[in-house]
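Asker: Structure below; questions to follow.
The values are calculated or read from the model by the stated rules, or taken from the named source; none is laboratory data. Everything numeric in this text was worked out from a predicted model, so none of it was measured. Every residue, glycine among them, receives a Cβ derived from its backbone with ideal geometry; neighbour counts consider all protein chains shown. These area figures cover heavy atoms from the full protein model, side chains too; ligands, DNA and RNA do not enter into them. Shrake-Rupley method; radii C 1.70, N 1.55, O 1.52, S 1.80 Å.
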Amino acid sequence: MAELAALQDPKTREVNEKHGDDHGVKLSSLRALAKRLKTQQELACRLWETDDTGARLLAILICRPKAFERDELDAMLRQARLPKVHDWLVNYVVKKNPHAEELRLAWSADPDAVVASAGWALTTERVAKKPEGLDLAGLLDIIEAEMKDAPDRLQWAMNHCLAQIGIEHPEYRTRAIEIGERLEVLKDYPTSPGCTSPFAPTWINEMVRRQHDR
């Protein structure tokens, strides 16, 4: 914890706070520290318990993802309210855990929008990598009915799923683009030069174009 405190950078914290995070350690510094510590499950659990954002991000980097029980991950996700911790926990830990599918189903139906967004993130992963057994038409129905009025982080996760369906599954591409055009979610999102807009129709068309150019 003392080492993490010494790595705090005011400018980094200022930038992170604009995105809803409250840590001031550069991610490159966190990764270098994690590389030195290597995998340490017990230390990871103790770091998580501090409730410090930097410590929790480090915990995610040095933990053993498959070592967590289902209920442990459920509790951790509900504690991980800040965007970066939430995002890393889902992507670096939950996706590699044997309980991922069970949690995907439970979280997707959760009344808490932040928890539900994790379920949608796991669904997007399956759309891309393991779509067998998914009801893609049913997912589009839910997105069409609920995305427009969903809270920000849930809306973002649903939009990512919409785009992924359109990119990966040509038979649903036209419908995915039509839903995006009608709902206009993230249509005016500020996008840096050289980056792809998160507006689903633009995102889908750009990724499909790149696939064809390969």
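Matching residues to (1) touching a helix residue (DSSP H, G or I) at 6+ places or on another chain (Cβ under 6 Å); (2) farther than 30 Å from Ala67 by Cβ; (3) free of Cβ contacts under 8 Å to residues at least 24 places away in the same chain:
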| residue | (1), (2), (3) |
| --- | --- |
| Val85 | yes, no, no |
| Ala106 | no, no, no |
| Ala109 | no, no, yes |
| Asp112 | no, no, no |
| Gly133 | no, no, yes |
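Asker: For residues that are of a type in the set (Gly, Ala, Ser) and in a helix (DSSP H, G or I), scanning just region 133-145, find the one that is least open to solvent (accessible area, probe 1.4 Å).
Answerer: Among those that are of a type in the set (Gly, Ala, Ser) and in a helix (DSSP H, G or I), it is Gly138.
Asker: Looking only at region 89-128, how many residues end up being over 15 Å from Ala157 (Cβ atoms) and of a type in the set (Phe, Trp, Tyr)?
Answerer: The qualifying residues number 1.
Asker: One residue is enough: does region 114-121 have a residue meeting the conditions surrounded by fewer than 19 Cβ atoms within 10 Å (Cβ to Cβ) and either hydrophobic (A, V, I, L, M, F, W, C) or over 30 Å from Ala55 (Cα atoms) (or both)?
Answerer: First, the residues of region 114-121 that are surrounded by fewer than 19 Cβ atoms within 10 Å (Cβ to Cβ): none.
Checking region 114-121: not a single residue is surrounded by fewer than 19 Cβ atoms within 10 Å (Cβ to Cβ) and either hydrophobic (A, V, I, L, M, F, W, C) or over 30 Å from Ala55 (Cα atoms) (or both).
Asker: If you don't mind, there's one more thing I want to ask. Any idea which of Lys95, Lys148, Lys130 is under 14 Å from the mean Cα position of the chain (by Cα) and either hydrophobic (A, V, I, L, M, F, W, C) or open to solvent by 30 Å² or more (accessible area, probe 1.4 Å) (or both)? Let's see the steps before the verdict.
Answerer: Numbers: Lys148 fails: under 14 Å from the mean Cα position of the chain (by Cα); Lys130 fails: under 14 Å from the mean Cα position of the chain (by Cα).
The match here is Lys95.
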